[in-house]
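The values are calculated or read from the model by the stated rules, or taken from the named source; none is laboratory data. Computed from a predicted model, the values in this text were never measured in an experiment. Cβ placement follows ideal geometry from the backbone for every residue including glycine, while neighbour counts extend to all protein chains displayed.
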Amino acid sequence: MNYGIVSQEQLEQIDTILTDKLIKLGVDCVIIIDMAGNIITAKDNGESKYDVYSFAALAAGNFATVDAMAKLVGEQEFSLLFHKGQESNIHFSKIDDELLLISMFGKDISLGFLRLNVVDVIEKIRQLWKRK
Amino acid sequence: MSFINLKDKVVQVKIVYYGPGRCGKTTNLEYINKTYRNQIVSEMVSLKTHGDRTLFFDFLPFDMGKIKGYDIKIQLYTVPGQVKYNATRKLVLRGVDGIVFVADAMAKQREKNIRSLNQLHENLLSYKESIFKIPLVMQYNKVDLKEHGIPILPTEVLQKDLNSRLKVPYFEASAITGYNVAATLKKIISSTVISIQKKLL
Ligand SMILES: Nc1nc2c(ncn2[C@@H]2O[C@H](COP(=O)(O)OP(=O)(O)OP(=O)(O)O)[C@@H](O)[C@H]2O)c(=O)[nH]1
Ligand SMILES: [Mg+2]
């Protein structure tokens with residue numbers, strides 16, 4: 001068993017990145033989870049009330065399932081996953097082998113715009129990880 | 001992998017109920033869900049077929065309160081027991097911290113229990129975990145059936161079949177009446193939390 005321990009400082013830095021780069025742009029809710037379904041951190045715009053623990057369990061399962069399917073068809077991975085609804089959308093992106101970034105956003109944000117910012121956020125988080 | 005958040009002082013612990021099809025894993029969680037409402041913050045999530053068989057997992061978050069200033073959040077999962085679902089069973093085991101092996105005490109299920117335990121061993125190996133090291137509790141479920149004249153394996157037989165090498169704590173139980181459901185849960189939580197504390201020292 002390996003243990004995921006993140007320092008207070010790291011978490012605060014990650015929270016700042018998520019707030020500045022995603023929440024301030026109008027994303028409703030951002031969650032970082034690990035592949036076991038644990039929540040690393042969750043940030044929202046103060047309005048959305050999602051049950052983040054259940055969400056994390058389902059999201060990890062969903063991602064793991066798609067990942068297993070990718071392997072079955074001979075792909076390394078489908079690194080991007082996107083679910084589109086009437087009012088809200090969910091975007092999944094892999095940070096590394098253990099971590100996933102999930103963004104929930106409404107119809108006033110375009111997928112392309114979100115993706116640009118997500119890529120940026122992931123790059124920043126990876127750098128932060130490297131420094132520890 | 002339990003996840004420890006030093007900022008908010010939260011520890012998330014993943015406990016998985018594992019066992020052959022129809023042994024009573026989901027029934028354990030349903031009992032916990034209705035008995036400990038005040039410790040459960042959200043709804044139980046069940047991904048199941050129309051026939052009420054678990055398709056992917058059940059999920060129930062359970063609040064333990066604080067230990068040494070840390071908020072302990074227990075995440076209870078079940079795996080789908082049907083033989084054909086091993087791929088998904090394996091996915092649920094990812095990052096597991098503690099396991100309850102639910103065996104079906106019905107005499108006719110003897111072989112299935114053994115096969116399921118062997119597969120658990122293999123599945124853990126694929127994550128480089130060892131069934132001999134991970135916190136584990138045995139539950140011999142459906143003992144209530146004895147009263148209805150249905151042949152039940154004596155506990156000595158179940159112990160010999162499943163627990164002679166592992167030598168982990170075990171309980172006779174009835175998930176449907178709730179007998180020893182809480183005792184099983186308490187035991188696996190304490191074993192798991194102790195094992196996490198040891199790793200942290
Ligand atoms: N008599 C009796 N029946 C039980 C007990 N526990 C579960 N059952 C019954 O056994 C059947 C299967 O129970 P589940 O809890 O769905 O079994 P499961 O292990 O989740 O099965 P899968 O999801 O297919 O892996 C149900 O009809 C339950 O009511 C028990 O302690 N005693
Ligand atoms: Mg079930």
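Annotations
- For the stretch B:1-38, taking the residues that are more than 26 Å from A:Lys43 (Cα to Cα) and aliphatic (A, V, I, L, M), the one that is nearest to the other protein chains (Cβ to nearest Cβ) is identified as B:Val16.
- Of the set (1) under 23 Å from A:Leu80 (Cβ atoms); (2) within 14 Å of the chain's Cα centre (by Cα); (3) surrounded by fewer than 22 Cβ atoms within 10 Å (Cβ to Cβ), all apply to A:Asp15 but (1).
- Every residue from the stretch A:41-53 that is modelled with pLDDT under 90 and of a type outside the set (Lys, Arg): A:Asn45, A:Gly46, A:Glu47, A:Ser48, A:Tyr50, A:Asp51, A:Val52, A:Tyr53
- Selection count, the stretch B:39-70, where residues are more than 12 Å from chain A (Cβ to nearest Cβ), away from ligand 2 (no atom under 16 Å from the Cβ) and not in a loop (DSSP other than H, G, I, E, B): 5
- The residues on offer are B:Lys199, B:Lys186, and the sole one that is away from ligand 1 (no atom under 16 Å from the Cβ), within 14 Å of chain A (Cβ to nearest Cβ) and either part of a helix (DSSP H, G or I) or in contact with a helix residue (DSSP H, G or I) (Cβ under 8 Å, 6 or more places away or on another chain) (or both) is B:Lys199.
- Selection from the stretch B:82-99 of residues that are more than 10 Å from chain A (Cβ to nearest Cβ), in contact (Cβ under 8 Å) with a residue 24 or more places away in the chain and more than 12 Å from the chain's Cα centre (by Cα): B:Gln82, B:Val83, B:Tyr85, B:Asn86, B:Arg89
- Residue match in the stretch B:23-35 (condition: within 15 Å of the chain's Cα centre (by Cα), over 14 Å from B:Ala175 (Cβ atoms), surrounded by 14 or more Cβ atoms within 10 Å (Cβ to Cβ) and within 8 Å of ligand 1 (Cβ to nearest atom)): no
- Scanning the stretch A:122-129 for residues that are part of a strand (DSSP E or B) and β-branched (Val, Ile, Thr) turns up nothing.
- Residue ID - nearest to the other protein chains (Cβ to nearest Cβ), chosen from residues in the stretch A:99-114 that are surrounded by fewer than 18 Cβ atoms within 10 Å (Cβ to Cβ) and not hydroxyl-bearing (Ser, Thr, Tyr): A:Gly106
- Within the stretch B:117-167, the set of residues being more than 16 Å from ligand 1 (Cβ to nearest atom), among the polar types (S, T, N, Q) and buried (at least 17 other Cβ atoms within 10 Å of the Cβ) comprises just one member, B:Asn163.
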